[in-house]
Amino acid sequence: MSRRPLTLAYVGFAVLGALVLGAFLREHFTSPHTPQPAPIAKPATPSLPDPSGAIPRIRPLFTLPDLAGHRRAITDWDGHALIVNFWATWCAPCRREIPLLNSLATEYASKNVKVVGIAVDFAADVQTFIAHTPLQYDLLIGEEEGLDAARGFGVDSLVFPFTAFTDQSGHLLVVHLGELHADQAHAILDVVEQVNHGTLPLNAARKAIDQALTALPSTGAASAETNKTALQ
């Protein structure tokens, strides 16, 4: 009996199989339903620091121009404890804080503490403002970049003023939301000084700041909402 019909059948099955395989491969690699890599999600930007205390443990890194337009990194102040104050010229509580910040910059200079202002504003408006209200501390300026720097502290960009306090190693101890008052600043800086001297560990320092601020008449019960410490 001739083997030709079987040979033709085998060839037919081979061709059919190739067509099916080709269709499968086209479906697998070109179908719109093919799973695509998930986009990298941006970190959440809460309007306030998370109630659990989810602000960064370490001072975030950023670079902004100074008054002369020279870009400066926050690392330029490495080795100093920092008072980083975010403000804007149009913000009344921000303007009220300036005399206190000038005073702190002078009073704590010998204790290795530096004040750095971050004006989230137009450079021309800041130049006009400080011509009449001099600042006795370093100032950086940024519009969108300033907003990005603010978000790095876990605070919504529109919550002004806010002030972050670090130790001399760059550990973020507390972020104070709203206008800063003298008794609050001194209570925080007393603890910062102990951390700098190595007499108080970080976790204990953050708890001490919470307790000290809660006990102040000027803050009281509101302290838990306006002052957030980094993760323990």
Going from the fewest other Cβ atoms within 10 Å to the most, one would list Val175, Val159 as Val159, Val175
Shape parameters for the range 80-168, alpha-carbon atoms, Rg then Dmax in Å: 12.4, 34
In the neighbourhood of Asp138 defined by beta carbon distances under 11 Å, the net charge of the other residues (Lys, Arg +1; Asp, Glu -1) is 0
What full-extension length gain, to one decimal in nm, is calculated for Ala123 and Leu216 as 0.36 nm per residue of separation minus the Cα-Cα distance? 29.8 nm
I need the Kirkwood Rh of the range 63-229: take the reciprocal of the average 1/r across all distinct C-alpha pairs and report it in angstrom. 16.0 Å
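Once you list every other residue whose beta carbon is under 14 Å from the beta carbon of Ile58, what net charge do they have if Lys and Arg are +1 and Asp and Glu are -1?
Combined, the nearby Lys, Arg, Asp and Glu give +1.
Can you tell me the length gained on complete extension of the stretch Leu147 to Asp76, counting 0.36 nm per residue apart and subtracting the Cα distance?
Values: separation 71, 0.36 × 71 = 25.56 nm, distance 1.98 nm.
My answer for the length gained is 23.6 nm.
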Within the set of other residues whose C-beta is less than 11 Å from the C-beta of Asp167, count the net charge using Lys and Arg as +1 and Asp and Glu as -1. +1
What FRET efficiency do you get for Gln136 and Asn203 if R0 is 25 Å and r is their Cβ-Cβ distance, rounded to the nearest 0.05? 0.15
Burial-style ranking of 177-184, 130-137, 106-113, average other-beta-carbon count within 10 Å with highest first, yields 177-184, 106-113, 130-137
Sorted from fewest to most neighbouring beta carbons within 10 Å, what does the list His176, His80 look like? His80, His176
Taking Thr214, Thr163, Thr128 and counting other beta carbon atoms within 10 angstrom, the fewest-first order is Thr128, Thr214, Thr163
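Please work out how much length the chain gains when fully extended from Cys91 to Ser169, using 0.36 nm per residue of separation minus the C-alpha to C-alpha distance, in nm with one decimal.
25.0 nm
Just so you know, all these numbers are worked out from the coordinates, no wet-lab data involved. Bear in mind the structure is a predicted one, so any value in this text is a computation, not a measurement. Cβ coordinates were reconstructed from backbone atoms using ideal geometry, including for glycine residues, and neighbour counts include every protein chain displayed.
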